[in-house]
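A quick write-up on the structure given underneath.
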Amino acid sequence: MEDLNAILAPGMLVRHSQCPDWGVGQVQSNIDKRVTVNFREQGKVVIDSSRIALIPVFDGS
């Protein structure tokens, strides 16, 4: 399976596929399969993108 999280860049909006209650988050960095995201309801989280899928959000909601 290809790592689709590799396309995520700082400033992009995402949702956590397994924690939808965290709301929309903004990508802070994406380095070596570690994506740092600042979520509205959870705060800053570092995600192992080889294990967790992030869903891009294009409408801001």
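Each reported figure results from applying straightforward, stated rules to the coordinates on display, with no laboratory input. Please read all numbers here as calculations on a predicted model, not as lab measurements. Counting neighbours? That spans all protein chains shown, and the Cβs are built from the backbone with ideal geometry, glycine included.
Quick look at the numbers
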quantity: Cα-centre dipole for region 13-59 with unit charges at Cβ (Lys and Arg positive, Asp and Glu negative), debye to 20; calculated: 120 debye
quantity: Pairwise label distance in nanometres, PHE58 with ARG40, each label 7 Å out on the Cα-Cβ vector; calculated: 2.0 nm
quantity: Whole-Hz couplings from phi, Karplus 6.51/-1.76/1.60, listed for region 10-16; x for Gly and Pro; calculated: x, x, 5, 9, 9, 10, 7
quantity: Cα gyration tensor category, rounded, prolate or oblate, for the chain with a/c compared to 1.5; calculated: rounded
quantity: Relative contact order %, the chain, counting alpha carbon pairs below 8 Å whose residues are six or more apart; calculated: 34 percent
